[in-house]
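Before any comments, here is the structure.
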């Protein structure tokens, strides 16, 4: 997928986020049910818009301490690399 290769070229901290096509069946705890479902849909060969999940432990850590500049930059960069192919919106998961 072009989206994933562009993320990797930009050296985004991939331990904090997982692209939908990187999600495996064992990642449910890390990416939540919605993220896992999207990953499984891609594995099944169904069309899924490009996107990514913020890993749950990273979300929890930053929820308590505030989002630092490094994570903010990682998210902004990953979102930019979606290339506007999300229909102009974003899905955010809290708690």
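Structure summary
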read-out	value
Qualifying residues in region 53-68 (those that are closer than 16 Å to residue 36 by Cβ and within 12 Å of the chain's Cα centre (by Cα)) - the one surrounded by the fewest Cβ atoms within 10 Å (Cβ to Cβ)	56
Residue within region 60-76 that is touching a strand residue (DSSP E or B) at 6+ places or on another chain (Cβ under 9 Å), touching a residue at least 40 places away in the same chain (Cβ under 8 Å) and either farther than 16 Å from residue 16 by Cα or not in a helix (DSSP H, G or I) (or both) present	no
Region 3-23, subset part of a loop (DSSP other than H, G, I, E, B) and under 13 Å from the mean Cα position of the chain (by Cα), residue modelled with the highest pLDDT	23
Some residue of region 31-52 being in a helix (DSSP H, G or I), buried (at least 16 other Cβ atoms within 10 Å of the Cβ) and either at positive phi or modelled with pLDDT under 75 (or both)	yes
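The values are calculated or read from the model by the stated rules, or taken from the named source; none is laboratory data. All figures in this text were calculated on a predicted structure; none of them were measured in a lab. Neighbour counts are summed over all protein chains in view; Cβ atoms, including those assigned to glycine, are modelled from backbone coordinates with ideal geometry.
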